[in-house]
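See structure below.
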Amino acid sequence: MTDRTRAHVCVSGRVQGVYYRATTRDTARERGVDGWVRNLDDGRVEAVFEGAEAAVEEMVGWCETGSEAADVDEVDVEYEKPEGLDGFEVRW
């Protein structure tokens, strides 16, 4: 079995109100990545990705662009120990 990894990301720029969360969810599910995504009060989007290292790295890279309407300024990433998340959800 492939080792799992976990990336905790915060994305800044024009990333709220542009379908960033929904597109993140759909893209993560397509890649078999577990986790969650949510808006933060300061205008950023926060997400956690867990899964195979290559798939998680693809999601981190995807965050640099995000949804078609997004304008990403910065993606901050911290790698953490996986917690065994199952599925991918939009959190409120």
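No value in this document is a laboratory result; all are computed from the given coordinates. Being a predicted model, the structure only gives us computed values, none of them experimental. Please note: Cβ atoms are built from the backbone with ideal geometry, for glycine as well, and neighbour counts cover all protein chains shown.
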Self-check item: Net length gained if the chain between Asp3 and Leu40 were fully extended (0.36 nm per residue, minus Cα distance)
Solution: 10.3 nm
Quiz prompt | For the chain, calculated [θ]222 nm from helices alone, where every DSSP H run of n ≥ 4 adds -39500 (n - 2.57) | solution = -7500 deg cm²/dmol
Self-check item: Local net charge near Ala28, Cβ-Cβ under 11 Å (Lys/Arg +1, Asp/Glu -1)
Solution: -2
Practice problem: Place a label point 7 angstrom from the Cα of Glu53 along the Cα-to-Cβ direction, then list the residues of the range 1-44 whose backbone nitrogen is under 20 Å away. | Solution: 1-9, 31-35
Quiz prompt | Additional length obtainable on full extension of the chain from Val90 to Thr65, 0.36 nm per residue less Cα span | solution = 7.2 nm
Quiz item: Once you list every other residue whose beta carbon is under 9 Å from the beta carbon of Val48, what net charge do they have if Lys and Arg are +1 and Asp and Glu are -1?
Solution: -4
